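**Q** The following block contains the structure, expressed as structure tokens.
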Amino acid sequence: VHALLDTDAGMAIDVQFKDNQVNQYERDIDEALTLILARRHPAAIDLRMVIAMSKANTDLERIGDEAAKIARIAQNLCEEGESPRGYMETRHIGNQVRVMIHDALDAFARLDAEQALRVLLADADIDREYQSATRTLMTYMIEDPRHISRVLNVMWVLRSLERIGDHARNISEQVIYMVKGLDVRHTKIEEIEEKVQRG
């Protein structure tokens, strides 16, 4: 996102290279978790923790993929000239998503179901803001078709940010699973709030 907003092609290229490192981390963590399962035969909360780590690991790798995708678009926009619209929305949603990832990982590290719940609530806000930004940019493209290609690129960036928010949500759902033993995937936020606060 910084590469996009600052028109920094070098940073965009650097982010794309870092995706390889993230992929290697995913493989290393998967291997370590497999060894834990094979050697220790964890049960109860320990098994939930290993399963949650495995799923969070996948979500983190996919966040890396989305970051690399944003970096490729940033690199293209650096070469084409920046988009006339959508950067304000990108900065805003990008900042919110960055906080969500931080909070999700913090909740994971501290086994904090309440904070994980707050991340789930933040994801609902991100979804609404993404839809609003998309409508605004669609209207702009209809009014000024000369910039469709560049504005579409910004819309793809916003889509990636929204997906990153979804991955942060997934990580937070795993925290709730670890701490409370509740599988809250595909559950309405009101039901999750009630279950987390109740138990």
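The values are calculated or read from the model by the stated rules, or taken from the named source; none is laboratory data. Remember, predicted model here, so these are calculated numbers, not experimental data. Note that each Cβ is placed from the backbone with ideal geometry, even for glycine, and that neighbours are counted across all protein chains shown. Side chains included, ligands, DNA and RNA excluded: accessible areas come from the protein's heavy atoms. Shrake-Rupley method; radii C 1.70, N 1.55, O 1.52, S 1.80 Å.
**Q** How do the peptides 139-145, 15-21, 50-56 rank, highest first, by the average count of neighbouring beta carbon atoms within 10 Å per residue?
**A** Working: 139-145: 12.1, 15-21: 14.7, 50-56: 18.1.
Ranking the peptides 139-145, 15-21, 50-56 by packing returns 50-56, 15-21, 139-145.
**Q** Might you tell me the accessible area per residue for segment 99-178, computed with a 1.4 Å probe and given in Å²?
**A** Computed with neighbouring chains in place, this is 45 Å² per residue.
**Q** With label points built 7 Å along Cα→Cβ from the Cα atoms of ARG159 and ALA38, find their separation and express it in nm.
**A** Label-label distance for ARG159 and ALA38, simple model: 4.0 nm.
**Q** Which distance in Å, rounded to a whole number, links the C-alpha centroids of segment 87-166 and segment 1-26?
**A** Distance between centres, Cα-based: 18 Å.
**Q** A further question on this structure: Which value at 222 nm does the chain reach when only helices count, each DSSP H run of 4 or more adding -39,500 (n - 2.57), with the total divided by all residues and rounded to the nearest 500 deg cm²/dmol?
**A** Helices in the chain give a 222 nm mean residue ellipticity of -30500 deg cm²/dmol.
**Q** Which of the pairs LYS18/LYS188; LYS55/LYS195; LYS55/LYS188 have their Cα atoms more than 25 Å apart in this structure?
**A** From LYS18/LYS188; LYS55/LYS195; LYS55/LYS188, over 25 Å: LYS18/LYS188.
**Q** Here's another thing I want to ask about it. So if I average 1/r over every pair of distinct C-alpha atoms in segment 118-199 and take the inverse, what Kirkwood radius in Å does that give?
**A** 14.5 Å
**Q** Where in the chain are the helices, taken as whole DSSP H runs, whose Cα atoms extend 30 angstrom or more along the long axis and whose Kyte-Doolittle mean reaches at least 0.0?
**A** Flagged H segments are 148-180.
**Q** Okay, next question. If you line up the Cα atoms of the chain on their principal axes, what length do they span on each, largest first, in Å?
**A** That works out to 59, 37, 21 Å along the principal axes.
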